[in-house]
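The structure under discussion appears below in the form of structure tokens.
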Amino acid sequence: MKQPITILLFLFAGLLSSGLSAQNTSIEGIVRDNNDLVLEFVSVAIQGTTTGTTTNAAGFFSLRITPGVKHTIVFSYLGYEQRRIEIELNPGEKRTLNIFLTPLSTTLPDVEITERQIISSQYIKIDPKLTALIPGPGSGVENLIKTMPGVSSTSELSSQYSVRGGNFDENLVYVNGIEIYRPFLVRSGQQEGLSFVNSSLVSSITFSAGGFDAKYGDKMASVLDITYKTPTEFKGSFSMSLLEGSLHLEDALADNRLTYLFGVRHKSNQYLLGTLDTQGDYKPEFTDVQTLVNYIFNNEWDLSFLGNFSRNQYLFRPERQETRFGSVDDVRQFTVLFDGQERDLFLTALGALSLNYQPVEGQKFQLITSVFQTDETENFDIKGRYLLERVETDFGSSEFGQPTGTPLGAGSFHNHARNYLNAIVWNIEHKGEIASGDNSLKWGVKYQYEDIYDRLGEWTMVDSAGYAIPRQPADAILLQDTVNTQIFLQSSRISGFVQNSWEFGSNHGRYILTAGVRSNYWSYNNQWLVSPRATLLYKPLWAPRMVLRASGGLYHQPPFYKELRDFQGNLNPDIKAQESRQIVLGAEYNMQFWGRPFKYTGEIYYKHFTNLIPYELDNVRIRYYANNNAKGYGTGIDMKLNGEFVPGVESWASLSIMQTREKIEDTYYMDSEGNQIPMGYMPRPTDQRFAFSIFFQDFLPRNPAYKVNLALIYGSGLPISPPTSQKFRNPVYMPPYRRVDIGFSKELIGAQSSFGDKNPLRHINSMWIAAEVFNLLEINNTISYLWIKDVSNQYYAIPNYLTSRLINVKLIAEF
């Protein structure tokens, strides 16, 4: 008996020794930034597992690992470049690692790195790499922007978005300091094509939903600031899907003195548009070519050129539309037979030169000139004959689900347009910056010349139970929305700004104060504008994980062109700039859940509008009344929680609650006694009360090559005005916009892949294949309505539904 017991004791001791050795196999160390400051809450995780830890206030971490196995340790922190280290330890070995993380301007969180500490700004910084991951019909930066707090969108076919109650024309977009314009005549998401920003060329994305600095231009809602890459070696990427394809190349030549970026994209929505109710022959073709070339003369001087050419063509021959709407027990079917076609062509080009001079560190001077030209043609003649019927809803009937055959209304319509627009915008601008210690001074002055020619010829005829063809006189035909005019507009603008930033501290914490003023003059209406703005950031010592901020000022938006033109095509020479007085109060808090870093951000805001130009919103087309005859307000709260819901990858959720209303002068309704009653404050066309969005990433714990990405957007409906609404403007709301897109991807080639010297795949650094499901829940979202009458003069709102469920396959490679 003694011998077996002795053997068991030896085995137990061996197992115990092995277990203790495994427990003692670990890594430890301190994580710092480039300034040798320790970093708290750094995520330290073993790739492909859920095992991990975070650094403490001293930047220290300790993590046990399995001996004899090669592990990839991932160090990630909000605002810094992720770092991976491969390591394999012997049983019982303990290794010390000193890790340094590099701050990134391209990261998701809103952080700026100073020499003393991390202090947030009022701008959101977004990782451009996520543009390739977020699922959806669009692959641009705008897909990510739509998930930010305060941003709302009601169409997956368009890259346009509204921010805190503003419309699409109230958003600023910059690429390398150049203001970007979009086509004027686009009226639907089907026509829109590619946005200007090529996500393959982007190195950093900065976004502000309001309260931005004086250095940014004269718009009232938001600013999106894009910076393209600075290449250091030859790289490239390509992607292909059922909707679009792209290729990008970059390199640094002549001892890194000459660098270039080149990107080409082609997109066709034919596959996607086939899910719409309106069936026909869709032939959309969108092509875009961009380049950025930079040459460094010496340590002080460099010259860069940004060029873009875009060709968006939309050809459509509709054949039949069949739309069902109503409630469960009262369903109606709207059927249209079409004849005719639509042919649109949008050609845009941009060329910009930037001469940069940096004599010493902290001083930078720029001279920028750019020219933008757009040539737009919109031609359509579409006739339709429609029939409105009731659908049988009795489950016991043999005709269940079929039209009853009794028409509720019938009629026809004819839409005609021959529109042409050519616009040239040329400008020259000087910018400067001098930074010294805790003080940074920036200024700029800009001259801009605009030359616009617009030829409009369009009308609509609707014959709906005598609605558009009056009985008297019998031979008269009433055309609606008739416009027939030519417009020539030449004007100049002068604008400038100066702002200064101070960073200082006290016994209570650290402060950054930025204050500045903008000025603008437009020769068309001879109006001078002055816009003061300021922002204060405060990081209290009593709450080191918290940052408080306040910003506000006066934001003017001078009319460009569309605001000048009324529904009849006439220009108003007395038009003035719209004004918005804004105040924004915000806070953010860094915290830790499940041993991983998270950040909560919240903002409340109030905007008071004067000199508003009322407008109507139809799909993505904005039609202005061309008069400063309204005032209004917008107020709300935005919240966002972002962090590592899954170790090592970033996800977030955004929530917005908002109300925006306006009061239009000299608008009345008649009561039952014939008295005029003022209408008072009414919802603005962008009054989306509630919005919620999620971007979520996950992977298989044991095989991180398999990933899933999900984008969810919910937005309450926008207000509309039925033709019978005489008492109020925008009294009813459309159904909410609800959409879920999901993507499943597999890494085919990665850092662990190896190929022979003759294998052509050896040049590929990474390759992914993805399957995406658009509109996963197959919800019929409504973008607009067509109003018709039945035989009893009752109006019906025929919904124009957006796209249905669709499966897309995508291949992405980097080399």
Quickly run through the stretch 292-301 and pick out the residues that are touching a Phe, Trp or Tyr at 6+ places or on another chain (Cβ under 7 Å), in a strand (DSSP E or B) and surrounded by fewer than 18 Cβ atoms within 10 Å (Cβ to Cβ). VAL293, TRP301
Residue that is under 31 Å from the mean Cα position of the chain (by Cα), closer than 18 Å to TYR181 by Cα and touching a residue at least 12 places away in the same chain (Cβ under 8 Å), where the choices are THR278, THR377: THR377
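Only one residue in ASN775, ASN675, ASN759 is of a type in the set (S, T, N, Q) and touching a residue at least 24 places away in the same chain (Cβ under 8 Å). Which one? Talk me through it step by step, then tell me what you get.
Details: ASN675 fails: touching a residue at least 24 places away in the same chain (Cβ under 8 Å); ASN759 fails: touching a residue at least 24 places away in the same chain (Cβ under 8 Å).
The match here is ASN775.
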Looking at this structure, is SER268 in contact with a helix residue (DSSP H, G or I) (Cβ under 7 Å, 6 or more places away or on another chain) and more than 18 Å from ALA352 (Cβ to Cβ)? no
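Return yes or no: is ILE664 under 24 Å from the mean Cα position of the chain (by Cα), at pLDDT 90 or above and not small (Gly, Ala, Ser)?
Criteria not met by ILE664.
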From (1) over 34 Å from the mean Cα position of the chain (by Cα); (2) of a type outside the set (A, V, I, L, M, F, W, C); (3) surrounded by 19 or more Cβ atoms within 10 Å (Cβ to Cβ), pick out the condition that doesn't hold for SER784. (1)
Apart from one, (1) in contact with a Leu (Cβ under 6 Å, 6 or more places away or on another chain); (2) open to solvent by 40 Å² or more (accessible area, probe 1.4 Å); (3) part of a loop (DSSP other than H, G, I, E, B) all hold for VAL264; the odd one out is (3)
Let me spell it out: the conditions are (1) basic (Lys, Arg); (2) open to solvent by less than 50 Å² (accessible area, probe 1.4 Å); (3) part of a loop (DSSP other than H, G, I, E, B), and LYS810 meets all of them except one. Which number is the exception? (3)
Going through the stretch 393-419 in order, the residues found to be open to solvent by 50 Å² or more (accessible area, probe 1.4 Å) and more than 16 Å from ARG320 (Cβ to Cβ) are ASP394, PHE395, GLY396, SER398, GLU399, PHE400, GLN402, THR404, GLY405, THR406, PRO407, ARG418
Condition met for LEU247 (surrounded by fewer than 20 Cβ atoms within 10 Å (Cβ to Cβ) and of a type in the set (A, V, I, L, M)): yes
Note on the stretch 484-511: residues surrounded by 15 or more Cβ atoms within 10 Å (Cβ to Cβ) and within 15 Å of LEU564 (Cα to Cα) are ILE487, LEU489, SER491
GLN659 meets each of (1) out of contact with any Ser or Thr (no Cβ under 9 Å at 6 or more places or on another chain); (2) assigned to a strand (DSSP E or B); (3) polar (S, T, N, Q) with one exception, condition (1)
Given the residues ILE798, ILE779, ILE769, which is the only one that is part of a strand (DSSP E or B), buried (at least 16 other Cβ atoms within 10 Å of the Cβ) and among the aliphatic types (A, V, I, L, M)? ILE798
If we scan the stretch 309-318, do we find a residue that is surrounded by 15 or more Cβ atoms within 10 Å (Cβ to Cβ) and closer than 20 Å to PRO403 by Cα? no
Of all residues in the stretch 365-386, how many are open to solvent by less than 60 Å² (accessible area, probe 1.4 Å), over 30 Å from GLU192 (Cα atoms) and of a type outside the set (Phe, Trp, Tyr)? 1
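Any chance you could count how many residues in the stretch 428-444 are open to solvent by 40 Å² or more (accessible area, probe 1.4 Å) and part of a strand (DSSP E or B)?
From the stretch 428-444, those open to solvent by 40 Å² or more (accessible area, probe 1.4 Å) are 428, 430-431, 433-439, 441-443; that's our starting set.
Subsequent filtering for residues that are part of a strand (DSSP E or B) retains 428, 430-431, 433-436, 439, 441-443.
Counting residues in the stretch 428-444 that are open to solvent by 40 Å² or more (accessible area, probe 1.4 Å) and part of a strand (DSSP E or B) gives 11.
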The stretch 676-714 - residue that is polar (S, T, N, Q) and either closer than 29 Å to TYR737 by Cβ or modelled with pLDDT of 95 or more (or both) and, of those, surrounded by the most Cβ atoms within 10 Å (Cβ to Cβ): GLN688
Note down all Cβ pairs under 9 Å where the first residue falls in the stretch 720-733 and is modelled with pLDDT of 85 or more, the second is open to solvent by less than 90 Å² (accessible area, probe 1.4 Å) and basic (Lys, Arg), and they're at least six residues apart or on different chains. TYR733/ARG689
Residues satisfying the stated conditions in the stretch 140-149, i.e. touching a strand residue (DSSP E or B) at 6+ places or on another chain (Cβ under 7 Å) and open to solvent by 10 Å² or more (accessible area, probe 1.4 Å): LYS146, PRO149
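Which of the residues belonging to the stretch 242-265 are more than 30 Å from LEU337 (Cβ to Cβ) and in contact with a Phe, Trp or Tyr (Cβ under 7 Å, 6 or more places away or on another chain)?
So in the stretch 242-265, the residues more than 30 Å from LEU337 (Cβ to Cβ) come out as 244-265.
Across the stretch 242-265, the qualifying residues are SER246, LEU247, HIS248, LEU249, GLU250, ASP251, ARG257, LEU258, LEU261.
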Select from the stretch 198-211 the residues that are under 28 Å from ALA534 (Cα atoms) and in contact with an Asp or Glu (Cβ under 9 Å, 6 or more places away or on another chain) and list them in ascending order. SER204, ILE205, THR206, PHE207, SER208, ALA209, GLY210, GLY211
Considering every residue within the stretch 632-644, establish whether at least one is open to solvent by 50 Å² or more (accessible area, probe 1.4 Å) and over 28 Å from PHE168 (Cα atoms). no
All-but-one check, THR287 against (1) crowded, with 16+ Cβ neighbours inside 10 Å; (2) under 23 Å from LEU337 (Cβ atoms), failing number (2)
Does the stretch 553-569 contain any residue that is open to solvent by 10 Å² or more (accessible area, probe 1.4 Å), among the aliphatic types (A, V, I, L, M) and in contact with a Phe, Trp or Tyr (Cβ under 9 Å, 6 or more places away or on another chain)? no
The stretch 643-656, residues that are closer than 15 Å to PHE593 by Cβ and assigned to a strand (DSSP E or B): GLY643, GLU644, PHE645, VAL646, VAL649, GLU650, SER651, TRP652, ALA653
If LEU272 satisfies every condition in (1) surrounded by fewer than 21 Cβ atoms within 10 Å (Cβ to Cβ); (2) within 20 Å of ILE807 (Cα to Cα); (3) among the aliphatic types (A, V, I, L, M) but one, which is the exception? (1)
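Filter the stretch 595-623 for residues that are touching a helix residue (DSSP H, G or I) at 6+ places or on another chain (Cβ under 7 Å) and either polar (S, T, N, Q) or modelled with pLDDT of 95 or more (or both) and give the result.
Scanning the stretch 595-623 gives ILE613, ASN619.
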Please enumerate the residues belonging to the stretch 727-764 that are surrounded by 15 or more Cβ atoms within 10 Å (Cβ to Cβ) and polar (S, T, N, Q). ASN730, SER745
Inter-residue pairs, beta-carbon under 8 Å, first more than 24 Å from ILE657 (Cβ to Cβ) and in the stretch 606-623, second of a type in the set (A, V, I, L, M) and part of a loop (DSSP other than H, G, I, E, B), 6+ apart: ASN611/ALA577; ILE613/ILE575; ILE613/ALA626; VAL620/VAL186; ARG621/VAL186
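The values are calculated or read from the model by the stated rules, or taken from the named source; none is laboratory data. Because the structure is a prediction, the values reported are computed rather than measured. For neighbour counting, all protein chains shown are included, and Cβ atoms are generated from backbone atoms with ideal geometry for every residue, glycine included. Note: accessible area is taken over every heavy atom of the protein model, side chains too, but ligands, DNA and RNA are not part of it. Shrake-Rupley method; radii C 1.70, N 1.55, O 1.52, S 1.80 Å.
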